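*Asks:* Mind looking over this structure? Questions follow.
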Amino acid sequence: MPAQATLLAPTTADSETLSENVFRRIQAAIISGEIAPGSKISEPELARTYGISRGPLREAIHRLEGQRLLVRIPHVGARVVSLNHAELIELYEIRESLEGMACRLAAERMTREQIDELRQVLDTHERDAAFQAGVGYYQQEGDFDFHYRIIQGSGNQTLVQMLCDDLYQLVRMYRIQFSATPNRPHQAFAEHHRILDAIAERDGELAELLMRRHIGASKRNIERHYLDANHNKTPGDKP
């Protein structure tokens, strides 16, 4: 746990810096699973942990609610989001449709330079130690994220807002959670290369189909996870 800092009355600029810092740290803890799904958010505890006053902390919590990483429950307070099986499948159905569209548009609109940069992103992913060990896929966000780059390359700002702003961190949370499934990292990497080849060939129809198949494979991976979890439950386990 970080050392507790002395709480001072910050200036406006300091307050924004503190809020941004704690926002990023709590966001990372939620996405990585360090703060578990369904956990109740205690403002006093977080204020002590991060050495921050309640004002900047509340601003950070509000932003995390906007990213759908926190949900506020009446008479309970804020909790870390925890999608059930049906909700998670719905999220992936949305991804399958919208990212497929983004991929088709990217094949039509990405510049050659953007395509070359996307290939360099995959080269970075291949060199990642966790990927080479087969225990996970490279999970840096933004410009280091294959999916993010394609959505940006679609040139459709409505899609960019929906997939790179509104839903992005929620999707990352579950992508990371299920990325360590045996064999899935290398399968996903091969699928990424086929998608990129279709984009480079300006075959939007194929690029869309391959992206939809790619996300569909991730969705089936999730379904197998829930099926196995239910199968392994003992009669005394709660549903």
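Read the figures in this text as sums done on the coordinates, not as results from a lab. Just so we're clear, the structure is a prediction, and the values are computed from it rather than from any experiment. Note that each Cβ is placed from the backbone with ideal geometry, even for glycine, and that neighbours are counted across all protein chains shown.
*Asks:* I need the phi-derived Karplus couplings for the stretch 166-175: 6.51 cos²θ - 1.76 cosθ + 1.60, θ = phi - 60°, integer Hz, Gly and Pro marked x.
*Replies:* Once rounded to whole Hz, the list reads 4, 10, 4, 6, 5, 4, 4, 4, 7, 4.
*Asks:* Of all trypsin sites (Lys or Arg not before Pro) in the stretch 141-221, which ones are in loop regions per DSSP and have a Cβ with at most 14 other Cβ atoms within 10 Å?
*Replies:* The qualifying sites are Arg202.
*Asks:* Still on this structure, please answer the following. Between Asp165 and Gln120, what length comes free when the chain is fully extended (0.36 nm per residue of separation minus the Cα-Cα distance, one decimal in nm)?
*Replies:* 13.8 nm
*Asks:* Can you list residues whose amide H is under 5 Å from Ala78's amide H, if they're 5+ apart or on another chain and H is modeled 1.01 Å from N?
*Replies:* Those lying under 5 Å, H to H, from Ala78 are Ile41, Ile73.
*Asks:* FRET efficiency for Arg220 and Arg58, Cβ-Cβ distance as r, R0 = 41 Å, nearest 0.05?
*Replies:* Efficiency, rounded to the nearest 0.05: 0.55.
*Asks:* Using θ = phi - 60° and the Karplus relation 6.51 cos²θ - 1.76 cosθ + 1.60, list the HN-Hα couplings for the stretch 196-207 in order, rounded to whole Hz, with x at every Gly or Pro.
*Replies:* For the stretch 196-207, the Karplus-derived couplings read 5, 4, 5, 4, 4, 8, 6, 9, x, 5, 5, 4 Hz, x marking Gly and Pro.
*Asks:* For an R0 of 25 angstrom, estimate the FRET efficiency from the Cβ-Cβ distance between Glu205 and Gln140 and round to the nearest 0.05.
*Replies:* 0.25
*Asks:* Between Thr111 and Ser39, what is the FRET efficiency for a Förster distance of 45 Å, r being their Cβ-Cβ separation, to the nearest 0.05?
*Replies:* That gives a FRET efficiency of 0.55.
*Asks:* Express in nm, to one decimal, how much length is gained between Ser82 and Ser32 on full extension, taking 0.36 nm for each residue of separation and deducting their alpha carbon distance.
*Replies:* 16.7 nm
*Asks:* Convert each backbone phi in the stretch 214-221 into a coupling constant with the Karplus relation 6.51 cos²θ - 1.76 cosθ + 1.60 (shift: θ = phi - 60°), then list the ³J(HN,Hα) values in order as whole Hz, x for Gly and Pro.
*Replies:* 3J(HN,Hα) across the stretch 214-221, in whole Hz: 4, 6, x, 5, 5, 5, 5, 4.
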